[in-house]
């Protein structure tokens, strides 16, 4: 009897249950948190989902989202067949067609746009999930287009680039050896749930925790020795103020600074402009708590820092705020130090696993030419540092046709709601595109604007390659057959490569051959991985990362050092006004004229996490939606009293570019003048309140978490 069979007998007594336990992963969170799941299958249907106890990543644990995986897979709005639009764009009127018909339409339409306007007039875009991206990226380039783009244009890439131009790479917290944890925007109960165990262990051995956030959270309540309840959008000023305190009080590791860093004198001069009184005024923090946080971080080392992928960089000053925080780790000698922040390069799809793959070569070695990608003319630092479009410029390029027209979009999982001024984007797509094809699992808002919609399958209906921390690699097997006529995204792409006769034998050979090419040299093949239901230890993997390698071999920057003053930014045309130092400026600086401040006095922060939600992926999952049935904004109780608002009131949030109606929830966990609103709802899309040009000039990232707005009660008729 196998281990899985024993598990069935142990949990479901009876000799002939007709139930099989099959293993897969939950891909609702993407890309990092893919937990192993045991799916109980009877008569071809999943009837129960549990965490896989033997899985090296989640060890049997599942969050609220993973626990609702079955609910997610069997959502009523699953797409069932390929569908061709028969009504106007946006009406949602389609007719069912066959896969063969769909493939022929795609080949014909994309070919026509390429012939008429050029291959770069076709944009290949992706939302969630991320697992198929190397295949789509290569497909785009082989087709001849430079315009491959993903949700990285609003997700984590700004942090990645900020790390790159400062230290040459990113670095994760070495919690196991730290004495102090600086949890900047850290909330493990709402996001990165498995990280909570590391904080608990640090506290248990006497370590100290500093948490900096714009709201009180379970993490700040349960773990913080010091909690800094900061004004939103002022993190960069706090980091520079802490830098000044560390330098002035002799807490800096000057031996490290002199040996391993570049531009310290310029950085010191910048920090000098942020004395304690000024930082206190900007951040809303008491002078003594700023002082104590800086002292604890700098003197109770080694100290590591949590760097959020998006919490900071979703301000128009967020790129430099992140850089300023990273600079603190070098100032105190905690970068590439045991117990500090240790570089650990990504192995595959952003996930570090202690070995190299050929993912980058696979997706980019067929780059078709020298044309500028979408967004390149406006965001040169992004173009120089990241190999995707900055799609926040897509709306403007659709409307103007400059520097060249975008006439077709081929997208996998594209979510228009991740773009500011969503309705204007959909309008521009309707009016300016010759063809829009979308592959998705569900009948989304974006799907209603497509000319052709293709049904994709879920993670439990396909096989996929995945790397895990600890030196592991896995290739999952389908738990159930693809529902209805849905197909795997990668199978769709490889089918199209053959039908369109693209010049790429590797793509034509199929997904598994492509994966074998990317992992060649690791000591395992896809066939080897498929023999196991669990991730397999890679023979060449080195885990964990050994601190000190960067210090020994040099940073991957022009100077070979950690750069307080970024030479990569200094190389950008000065006319763009990008400062090589991590300067601070107001996160509302483009909205600070007297009239706008008077009409829109509240600070709107979108995307504040809930434990059961991730973007728009879970809003239509019945179990999860029941936890908060209505789109709801959180308002400080003092503000609510002043405005005559009560819990459950319907309110209108409005900005200079849009308005939405939501429920109101009173809270005392945020500061007066701040409003929190979760994004991703069809019926209350908060990104319609964000102006298209409210963007960070370094990365092009939207100010999702820093925007002026106002609120008013909607009176019942």
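A few remarks follow.
- Any hit, the range 610-618, residues being in contact with a helix residue (DSSP H, G or I) (Cβ under 7 Å, 6 or more places away or on another chain), in the same structural domain as residue 594 (by TED's automatic domain parsing) and at pLDDT 95 or above: no
- The number of residues in the range 574-608 being touching a residue at least 24 places away in the same chain (Cβ under 8 Å) and part of a helix (DSSP H, G or I) comes to 7.
- Checked against (1) crowded, with 24+ Cβ neighbours inside 10 Å; (2) part of a loop (DSSP other than H, G, I, E, B), residue 165 passes all but condition (2).
- The condition of being in contact with a helix residue (DSSP H, G or I) (Cβ under 8 Å, 6 or more places away or on another chain), farther than 24 Å from residue 345 by Cα, in the same structural domain as residue 364 (by TED's automatic domain parsing) and assigned to a helix (DSSP H, G or I) does not hold for residue 454.
- Qualifying helices (runs of 4 or more DSSP H) (wholly inside the range 46-142; at least 1 residues being within 20 Å of residue 411 (Cβ to Cβ)): 99-117
Table: residues versus (1) in contact (Cβ under 8 Å) with a residue 40 or more places away in the chain; (2) closer than 25 Å to residue 195 by Cα; (3) in contact with a strand residue (DSSP E or B) (Cβ under 6 Å, 6 or more places away or on another chain); (4) part of a helix (DSSP H, G or I).
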position	(1), (2), (3), (4)
293	yes, yes, yes, yes
297	yes, yes, yes, yes
305	yes, yes, yes, no
310	yes, yes, no, no
323	yes, yes, no, yes
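- Number of positions in the range 373-430 that are free of Cβ contacts under 8 Å to residues at least 12 places away in the same chain and closer than 18 Å to residue 572 by Cβ: 1
- Some residue of the range 476-485 being crowded, with 23+ Cβ neighbours inside 10 Å and farther than 21 Å from residue 105 by Cβ: yes
- Hits in the range 18-45 - residues which are in contact with a strand residue (DSSP E or B) (Cβ under 8 Å, 6 or more places away or on another chain), within 20 Å of residue 481 (Cβ to Cβ) and not in a strand (DSSP E or B): 18, 26
- Checklist (1) under 19 Å from residue 86 (Cα atoms); (2) out of contact with any helix residue (DSSP H, G or I) (no Cβ under 6 Å at 6 or more places or on another chain) applied to residue 449, failing item: (2)
- Checked against (1) surrounded by fewer than 17 Cβ atoms within 10 Å (Cβ to Cβ); (2) in contact with a strand residue (DSSP E or B) (Cβ under 6 Å, 6 or more places away or on another chain); (3) assigned to a loop (DSSP other than H, G, I, E, B), residue 682 meets all criteria but (2).
- Matching helices (runs of 4 or more DSSP H) fully within the range 202-281 where at least 2 residues are modelled with pLDDT under 95 and under 32 Å from the mean Cα position of the chain (by Cα): 218-223
- Test for residue 473: is it crowded, with 17+ Cβ neighbours inside 10 Å, touching a helix residue (DSSP H, G or I) at 6+ places or on another chain (Cβ under 7 Å), within 26 Å of residue 101 (Cα to Cα) and modelled with pLDDT of 95 or more: no
- When every residue of the range 408-429 is checked against the conditions, none turns out to be farther than 15 Å from residue 151 by Cβ, more than 23 Å from the chain's Cα centre (by Cα) and surrounded by fewer than 15 Cβ atoms within 10 Å (Cβ to Cβ).
- Filtered residue count, the range 331-347, keeping only those that are at negative phi, assigned to a loop (DSSP other than H, G, I, E, B) and in contact with a helix residue (DSSP H, G or I) (Cβ under 9 Å, 6 or more places away or on another chain): 8
- Residues located in the range 623-661, provided they are in contact with a helix residue (DSSP H, G or I) (Cβ under 6 Å, 6 or more places away or on another chain) and either surrounded by fewer than 17 Cβ atoms within 10 Å (Cβ to Cβ) or in a loop (DSSP other than H, G, I, E, B) (or both): 623
- Residue identified as surrounded by 20 or more Cβ atoms within 10 Å (Cβ to Cβ), in the same structural domain as residue 143 (by TED's automatic domain parsing) and either free of Cβ contacts under 8 Å to residues at least 12 places away in the same chain or under 26 Å from the mean Cα position of the chain (by Cα) (or both) among 498, 462: 462
- Scanning the range 325-347 for residues that are surrounded by fewer than 24 Cβ atoms within 10 Å (Cβ to Cβ), touching a strand residue (DSSP E or B) at 6+ places or on another chain (Cβ under 7 Å) and more than 20 Å from residue 165 (Cβ to Cβ) turns up just one, 339.
- Looking across the range 138-160 at every residue that is crowded, with 24+ Cβ neighbours inside 10 Å and out of contact with any strand residue (DSSP E or B) (no Cβ under 8 Å at 6 or more places or on another chain), the one that is farthest from residue 564 (Cα to Cα) is identified as 138.
- Of all the listed residues (101, 108), the sole one being more than 18 Å from residue 487 (Cα to Cα), without any contact (Cβ under 8 Å) to a residue 60 or more places away in the chain and in the same structural domain as residue 457 (by TED's automatic domain parsing) is 108.
- Exclusive hit being in the same structural domain as residue 488 (by TED's automatic domain parsing) and surrounded by fewer than 22 Cβ atoms within 10 Å (Cβ to Cβ), set 95, 61, 42, 22: 95
The values are calculated or read from the model by the stated rules, or taken from the named source; none is laboratory data. Given the structure is predicted, the values throughout are model-derived calculations rather than measurements. Every residue, glycine among them, receives a Cβ derived from its backbone with ideal geometry; neighbour counts consider all protein chains shown.
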